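Each reported figure results from applying straightforward, stated rules to the coordinates on display, with no laboratory input. Since we're looking at a predicted model, the values are computed, not measured. For neighbour counting, all protein chains shown are included, and Cβ atoms are generated from backbone atoms with ideal geometry for every residue, glycine included.
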Amino acid sequence: MSQVRSRDGTTIAYDRLGAGRPVILVDGAFCSRSFGPMPKLAPLLARDFTVFMYDRRGRGASGDTAPYAVEREIDDLDALILKAIAPTLVYDSGVMGDFSLPVRRAASLTMPAIVISGDKSMPVLRAAAQELARVIPGARLRTLPGQTHNVAAAALAPVLKEFFAP
């Protein structure tokens, strides 16, 4: 385990696996580096990329500083991006904050983006994925057959590898 310090001084714990272009995996709200989908996905991507898998603030070995704000999570990600030395590819399986759709922020993205959803996910999650793909300029939408919101690492890894390939 390694650590970086976020802008507000909070310590963020992370693991680094593999070699190649960096990919930072951002896990869901109730997950950590040791629990959730990322521990299964990281080794599959580490064959081709340098994978950074971290504990979001207040989870696992990372610290926490009150009050909670989505902006602090973005600061944490910035600290990891600096550690990874951009260009950084970010895969986010979690919705930050209050689970509302960040349409204004998404519409301002200028980097290539892929929005991935399982065809067996709840309708509200599939609709959110469709809306994000619509508002992010140039985004691609991939719907994975037979997958729920908790997409299997074996189904997700090839899609991410294809997207991240130079």
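Please give the FRET efficiency for L82 paired with Q130, using the beta carbon to beta carbon distance and R0 = 30 Å, rounded to the nearest 0.05. Write down the numbers at each step before the final one.
Values: r = 33 Å, r/R0 = 1.10.
Plugging the Cβ-Cβ distance into 1/(1 + (r/R0)^6) gives 0.35.
Could you list L109, L156, L44 so that the one with the fewest beta carbons within 10 Å of its beta carbon is first and the one with the most is last?
Neighbour counts put them in this order, fewest first: L109, L44, L156.
Cross-link partners among aspartates and glutamates for K120, C-alpha distance below 18 Å, same-chain residues fewer than 8 apart left out?
Of all the aspartates and glutamates, those that pass the test against K120 - Cα under 18 Å, at least 8 places apart if same chain - are E131.
Taking the alpha-carbon distance from K161 and a cut-off under 17 Å, which lysines remain once sequence neighbours fewer than 8 residues away in the same chain are dropped?
Within reach: K40.
Say R0 is 25 Å: what FRET efficiency, to the nearest 0.05, do V70 and M122 get from their beta-carbon distance?
Values: r = 22 Å, r/R0 = 0.89.
Working from the Cβ atoms, E equals 0.65.
What distance in nm separates the simple spin-label points at A19 and I114, each placed 7 Å from Cα in the Cβ direction?
Spacing of the two 7 Å Cα→Cβ label points: 2.4 nm.
Which of the peptides 6-15, 47-56 is most tightly packed, and how do the rest follow, judged by the mean count of other Cβ atoms within 10 Å per residue?
Answer by packing, highest mean first, reads 47-56, 6-15.
Working out 0.36 nm times the residue gap between R142 and R47, then minus their Cα-Cα distance, what length gain in nm do you get to one decimal?
32.0 nm is the gain from fully extending R142 to R47.
Quick check on the stretch 1-93: of the DSSP beta bridges with both residues there, what percent are antiparallel, nearest 5%?
Beta bridges within the stretch 1-93, antiparallel portion: roughly 55 percent.
Report, for the chain, the % of DSSP beta bridges that are antiparallel, rounded to 5. Before the final figure, lay out the partial values.
Values: 9 of 22 bridges.
Taking every DSSP beta bridge with both residues in the chain, the antiparallel ones total about 40 percent.
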